[in-house]
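Everything below concerns the one structure shown next.
Read-outs throughout are calculated quantities, based only on the coordinates presented, and are distinct from any laboratory measurement. Every value quoted in this text rests on a predicted model; they were computed, and no experiment measured them. No Cβ is skipped: glycine too gets one built from the backbone with ideal geometry, and neighbour counts run over all protein chains shown.
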Amino acid sequence: MTPTAAALVPMGPGRRFATSRLVRLGDVLPSGEARLDAIARYLQDIAADDGRDAAIDNHMAWLVRKTLLVVRRRPRLEEPINLVTWASGSGARWAERRTTIAVHGDPVVEVASLWVCVDLATMRPARLSERFWTMYGDAVGGRAVSSRLNHPDAPVQTDRERPWPLRISDLDLLGHVNNAATWAAVEDELSQACPAAVVRSAELEYRLPIDPSHQVELRSQVAPDSMRMWLVSDGSVLASAVVGLGPRS
């Protein structure tokens, strides 16, 4: 079963934050289409900019738990893109963020991400602050969301298995593999396992932080309309993806 647009909640009242940018040369595939890891960086940047603008507590960090993309088409090189983001749900220690990416006013990618609030002193999940509710409460509107992960474990045997070596450029300030770098693994496996397919949706879940101590193996299973991928170390799944595919026209 692949993720669908039904999982996304429309924009409601309350705070929203917007920005724009161009798709640059370092963001695209040889086809000129924006890579999934580049899109993940756009999402990460607008989330950080929104949090900074809202003056959310600076002793907290937000870590991505899962992200769903619904893709009408990918932005292309030199296209101007407009991004709008808002809070669309919450739990006690996490919040869901919706983002729409549009080209010339036409939405091309819709995103729902679950971010867990973490206390930087303890690196443990922390309750959402009063400031969060002041700034985002109207947008959340009482909608509760779960932090539960839904992807299955990797099967004992998969279609494809290979090492996934980590690079220093994959690591972020916390010493973990950045979420955008995990999307690079999805993009790379797509290029090898199903190069003729088009991404229609993609969902990435993060079970455990990936750090330089891990010897990571990439495993994937391909079906006519989907690809499943797992990043595994010592038998434990660290992250997983489910990608919905369509034919290239």
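Data overview
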item	result
For the chain, alpha-carbon Rg over 2.2 N^0.38 Å	0.98
Local electrostatic count at P125 - Lys and Arg +1, Asp and Glu -1, tallied over other residues with Cβ under 11 Å	+3
Paramagnetic label zone (point 7 Å from Cα along Cα-to-C-beta, L149; backbone N under 18 Å) in region 198-217	202-217
Burial ranking of peptide ranges 226-232, 25-31, 236-242 (average Cβ count within 10 Å, highest at the top)	226-232, 236-242, 25-31
Sparse-neighbourhood loop sites, GluC sites (Glu not before Pro) in region 188-249 - DSSP loop, at most 12 other Cβ within 10 angstrom	none
Zone residues, region 180-211, relative to R72, backbone N less than 15 Å from point 7 Å out along Cα-to-Cβ	200-201
Projected label distance in nm at D57 and W133, using a 7 Å step from Cα toward the beta-carbon	1.3
Net charge, A154 excluded, C-beta distance under 15 Å - Lys, Arg +1, Asp, Glu -1	-2
Cα shape, region 5-140, gyration tensor, a/c 1.5 rule	prolate
Helix-only mean residue ellipticity at 222 nm for the chain, each DSSP H run of n ≥ 4 adding -39500 (n - 2.57), per residue, nearest 500	-6000 deg cm²/dmol
Environment charge of A102, counting only residues whose C-beta is closer than 14 Å and scoring Lys/Arg +1, Asp/Glu -1	+4
Sparsely packed trypsin sites (Lys or Arg not before Pro) within region 121-227, loop by DSSP, other Cβ within 10 Å at most 10	R148, R167
